[in-house]
Amino acid sequence: MFIVFEGVEGSGKSTQIRLVAESLRACGIEPVVTREPGGTAAGEAIRAVALDPDLHVDAVAELLLMLAARSVFVREVVRPALAAGRVVLSDRYELSTFAYQGGGRSLPMDKVKELNAVATGGLRPDLCILLDVDVEHGRARGRWSATDRIEGEERSFHERVARSYRDLARSEPDVALIEGRGEIQDVFAAVWEALATSFPETFPPRGC
Ligand code: Z5A
């Protein structure tokens, strides 16, 4: 089972993945926890280039870097884990590309999706948990420091990303839009409920 967490910076993806992973462990399931771009040695090297604030990377190059990392990620991490029957929890996947490169950079969405399908070989998540937090709220959580090139983009870029995510929640299949502004444990309860509604055998409604 392939579960992806998405949202703007500071939306709480890493926090919620940690809580879901802990609850799965209590149920005797050890998930594969990973992230994009990254998750493999090549992916982490590509991430370093893609996010380096000292490098000039144009929008198309940025898209292709994300997809290069994704191709390795799908083949080296996700497919083998799914073949072994594991639950994969990933911090970001293709919706990030649609929102940041399609929405934020205004690259043509049909081409972005076409190229993405080449990178993924058509592998889609079973469920995408999209944490809905507005840009200011995410930044106010404090981790934001503009140390990566994309984080350092102007406010209007991040507003386009946030709008694009909300559009994608309506247009893409298998996306659960979760209000991300509440207390961590309240957000977690909503995340778990969405997982339990779709896959009650793996995510028992009352936990383990
Ligand atoms: N990117 C792209 O452009 N295209 C692509 O295809 C892909 C990625 C795959 C990777 O960043 C960058 O790559 C990203 C998009 C781009 N750039 N931007 N911008 P990343 O995923 O590594 O970093 P991030 O999205 O900026 O992650 P983050 O800041 O770590 O956010 P998070 O994981 O969603 O949040 P968190 O670490 O769980 O929480 C942040 C803080 O808030 C932390 O102190 C928590 O304790 C706190 N927190 C969390 N939840 C709450 C609640 N509910 N209340 C209060 N405080 C909370």
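So is Glu44 in contact with a Pro (Cβ under 9 Å, 6 or more places away or on another chain), of a type in the set (D, E, K, R) and in a helix (DSSP H, G or I) or not?
Details: in contact with a Pro (Cβ under 9 Å, 6 or more places away or on another chain): yes; of a type in the set (D, E, K, R): yes; in a helix (DSSP H, G or I): yes.
Against the criterion (in contact with a Pro (Cβ under 9 Å, 6 or more places away or on another chain), of a type in the set (D, E, K, R) and in a helix (DSSP H, G or I)), Glu44 qualifies.
If Arg181 passes every condition in (1) of a type in the set (D, E, K, R); (2) more than 16 Å from the chain's Cα centre (by Cα); (3) in a helix (DSSP H, G or I); (4) within 19 Å of Phe5 (Cα to Cα) but one, which one does it miss?
Single failed check for Arg181: (3).
Just a yes or no: is a residue in the stretch 69-82 touching a Leu at 6+ places or on another chain (Cβ under 6 Å), open to solvent by less than 40 Å² (accessible area, probe 1.4 Å) and either more than 21 Å from Val112 (Cβ to Cβ) or within 10 Å of the ligand (Cβ to nearest atom) (or both)?
Let us first name the residues in the stretch 69-82 that are touching a Leu at 6+ places or on another chain (Cβ under 6 Å), namely 74.
From what is left, the residues that are open to solvent by less than 40 Å² (accessible area, probe 1.4 Å) are 74.
Retained after the next criterion (residues that are either more than 21 Å from Val112 (Cβ to Cβ) or within 10 Å of the ligand (Cβ to nearest atom) (or both)): none.
The answer is no, given that none of the residues of the stretch 69-82 is touching a Leu at 6+ places or on another chain (Cβ under 6 Å), open to solvent by less than 40 Å² (accessible area, probe 1.4 Å) and either more than 21 Å from Val112 (Cβ to Cβ) or within 10 Å of the ligand (Cβ to nearest atom) (or both).
So, in the stretch 2-55, how many residues would count as being among the aliphatic types (A, V, I, L, M) and surrounded by fewer than 20 Cβ atoms within 10 Å (Cβ to Cβ)?
As a first pass, look at the stretch 2-55 and keep what is among the aliphatic types (A, V, I, L, M): 3-4, 8, 17, 19-21, 24, 26, 29, 32-33, 41-42, 45-46, 48-51, 55.
So of that shortlist, the ones also surrounded by fewer than 20 Cβ atoms within 10 Å (Cβ to Cβ) come out as 19, 21, 26, 29, 32-33, 41-42, 45, 48-49, 51, 55.
Here the count works out to 13.
Filter the stretch 112-165 down to residues that are open to solvent by 20 Å² or more (accessible area, probe 1.4 Å) and β-branched (Val, Ile, Thr) and give me whichever is modelled with the highest pLDDT.
Among residues in the stretch 112-165 that are open to solvent by 20 Å² or more (accessible area, probe 1.4 Å) and β-branched (Val, Ile, Thr), the one modelled with the highest pLDDT is Val118.
Can you find even one residue in the stretch 58-67 that is without any contact (Cβ under 8 Å) to a residue 40 or more places away in the chain, within 23 Å of Glu159 (Cα to Cα), open to solvent by 10 Å² or more (accessible area, probe 1.4 Å) and not in a helix (DSSP H, G or I)?
yes
The values are calculated or read from the model by the stated rules, or taken from the named source; none is laboratory data. Everything numeric here is computed off the predicted structure, so don't read it as measured data. Neighbour counts run over all protein chains shown; Cβ positions are idealised from the backbone, glycine included. Heavy atoms of the whole protein, side chains included, go into the accessibility calculation; ligands, DNA and RNA do not. Shrake-Rupley method; radii C 1.70, N 1.55, O 1.52, S 1.80 Å.
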